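Input: a single structure, listed below in structure tokens.
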């Protein structure tokens, strides 16, 4: 059995932040996590995978925000700039440390806001022999 979560996120470009005065561009993206539990599938929960993905990005995506909340979200995202490869690496570090996971694949795609391409990164991992 494989659990899969596709989580919308926001990322702020670290390069853009480095050359801008709080005017860095950001983009919406998706982090997809596929995991195979080591033993019992009930040991892993979708909300846990969603939380891991959201924490790996500059900011989560929200369905509805009031203006003061919007400001907080954009400022927090600006203070945590990440590339797609950073997001994938951040998720992978959390998953690899869990004894509950036998294997995983993580993918991140950003729909670039000022470039005419998408940014993509992926990593997969299988637990060493001996792990359940």
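Read-outs throughout are calculated quantities, based only on the coordinates presented, and are distinct from any laboratory measurement. Not measured: the values here are computed from a predicted model. Virtual Cβ from ideal backbone geometry, glycine too; neighbours counted across all protein chains shown.
Take the Cα coordinates of the chain, assign each an equal point scatterer, and use the Debye formula without solvent to give log10 I(q)/I(0) at q = 0.18, 0.21 Å⁻¹.
Rounded to two decimals, the profile gives -0.93, -1.15.
For residue 96 and residue 67, what does the FRET efficiency come to when R0 = 41 Å and r is the distance between their Cβ atoms, rounded to the nearest 0.05?
0.55
What FRET efficiency comes out for the pair residue 19/residue 76, r = Cβ-Cβ distance, R0 = 22 Å, nearest 0.05?
Efficiency at R0 = 22 Å is approximately 0.60.
Gaussian network model of the chain, Cα springs within a sub-10 Å range: biggest mean-square fluctuation belongs to which of 71, 100, 89?
Result: 71 has the largest fluctuation of those listed.
Checking a compactness column here: for region 55-95, what do you get for Rg(Cα) / (2.2 N^0.38 Å), N being the number of residues?
Compactness ratio reported: 1.31.
Quick one: angle between helix 46-56 and the longest Cα principal axis of the chain, in degrees between 0 and 90, rounded to 10, please.
Between the helix axis and the principal axis of the chain, the angle is about 50 degrees.
Give the calculated FRET efficiency between residue 114 and residue 47 to the nearest 0.05, with a Förster radius of 25 Å applied to their Cβ-Cβ distance.
Taking R0 as 25 Å, the efficiency between residue 114 and residue 47 is 0.15.
Between helix 84-96 and the chain, what is the angle of the helix's C-alpha long axis to the longest principal axis, kept within 0 to 90° and rounded to the nearest 10?
The helix 84-96 is inclined about 30 degrees to the chain.
Could you tell me which of rounded, prolate or oblate describes region 71-120, using a ≥ b ≥ c as the square roots of the eigenvalues of the alpha-carbon gyration tensor, with rounded for a/c under 1.5 and, failing that, prolate when a/b is larger than b/c and oblate otherwise?
oblate
Taking 0.36 nm per intervening residue step and subtracting the Cα-Cα distance, what contour gain separates residue 127 from residue 4 on full extension?
That pair, residue 127 and residue 4, stretches by 42.5 nm at full extension.
Using only helices, what value at 222 nm comes out for the chain when you add -39,500 (n - 2.57) per DSSP H run of length 4 or more and divide by the total residues, to the nearest 500 deg cm²/dmol?
-9500 deg cm²/dmol
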